[in-house]
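In what follows, a structure is listed as structure tokens, so that the remarks can point back to it.
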Amino acid sequence: GASLAGYSATLAQRYTGGAWTSADPSDGDAMHRALSDGSLDHGKGEYPLNHALLGGRHLHGGDNYVVVLIEKSKVSDIADALSGLDEAAFRDRYERIVPHDYAPEYGEEDFAYTWENLLDVAAFYQRAATTNRSVIFTVDQ
């Protein structure tokens with residue numbers, strides 16, 4: 001909502017002098033799981049893919065949302081790793097790593113939706129890396 005966007009902008013200014021923000025990448029659940037070890041634990045999986053959504057510095061974690069800062073020193077690593085994933089490689093990770101019971105939506109339609117959103121996140125990281133910016137993600141829980 002508006003208060004979450006305002007909070008993110010305030011954090012961006014306080015911690016980075018103007019990071020780029022992305023509020024709630026759609027279906028961040030399946031995306032993070034596929035980029036990590038299948039769980040939502042931000043410390044699991046391998047760097048840099050596990051840092052794409054939840055793996056940075058947690059600025060806020062509550063019942064309603066999480067705010068994560070990815071320092072600009074890590075943004076290029078993440079951008080490069082995401083750009084190295086093609087649809088077949090991401091599908092393999094989705095089918096192999098994401099628990100089939102993580103949500104009732106699991107399946108082909110969920111994969112297609114998650115893949116399209118991953119492309120947006122990858123493009124976002126490329127823009128941030130090109131301009132040497134930090135990134136803040138806000139994810140609803």
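When only residues in the stretch 105-118 that are open to solvent by 100 Å² or more (accessible area, probe 1.4 Å) and in contact with a helix residue (DSSP H, G or I) (Cβ under 9 Å, 6 or more places away or on another chain) count, which is modelled with the lowest pLDDT?
Glu105
Determine which member of the set Val75, Val68 is more than 16 Å from His32 (Cβ to Cβ), in contact with a Lys or Arg (Cβ under 8 Å, 6 or more places away or on another chain) and in contact (Cβ under 8 Å) with a residue 60 or more places away in the chain.
Going through Val75, Val68 in turn, just one is more than 16 Å from His32 (Cβ to Cβ), in contact with a Lys or Arg (Cβ under 8 Å, 6 or more places away or on another chain) and in contact (Cβ under 8 Å) with a residue 60 or more places away in the chain: Val75.
Does the stretch 95-104 hold any residues that are exposed (fewer than 12 other Cβ atoms within 10 Å of the Cβ) and modelled with pLDDT of 90 or more, and which are they?
Matches in the stretch 95-104: Arg96 only.
Which one is farthest from Val135 (Cα to Cα) among residues in the stretch 53-67 that are surrounded by fewer than 23 Cβ atoms within 10 Å (Cβ to Cβ) and not small (Gly, Ala, Ser)?
Of everything passing the filter in the stretch 53-67, Asp63 is farthest from Val135 (Cα to Cα).
Please state which of the following conditions Arg133 fails to meet, knowing it meets all the rest: (1) farther than 23 Å from Asp41 by Cβ; (2) open to solvent by 70 Å² or more (accessible area, probe 1.4 Å); (3) not in a loop (DSSP other than H, G, I, E, B).
That leaves (3) as the condition not met.
I need the full set of residues from the stretch 7-59 which are in a strand (DSSP E or B) and at pLDDT 85 or above, in order please.
Answer for the stretch 7-59, where residues must be in a strand (DSSP E or B) and at pLDDT 85 or above: Arg57, His58, Leu59.
Scan the stretch 34-52 and tell me whether some residue there is surrounded by 18 or more Cβ atoms within 10 Å (Cβ to Cβ), charged (D, E, K, R) and under 13 Å from the mean Cα position of the chain (by Cα).
no
Condition check: assigned to a helix (DSSP H, G or I), closer than 19 Å to Ser76 by Cα and either open to solvent by 50 Å² or more (accessible area, probe 1.4 Å) or in contact with a His (Cβ under 8 Å, 6 or more places away or on another chain) (or both). Does Asp92 satisfy that?
So Asp92 fails the test.
The values are calculated or read from the model by the stated rules, or taken from the named source; none is laboratory data. Not measured: the values here are computed from a predicted model. Here the Cβ is made from the backbone with ideal geometry for all residues, glycine too, and neighbour counts use every protein chain on show. To get the accessible areas, we keep the full protein, side chains included, count just its heavy atoms, and leave off ligands, DNA and RNA. Shrake-Rupley method; radii C 1.70, N 1.55, O 1.52, S 1.80 Å.
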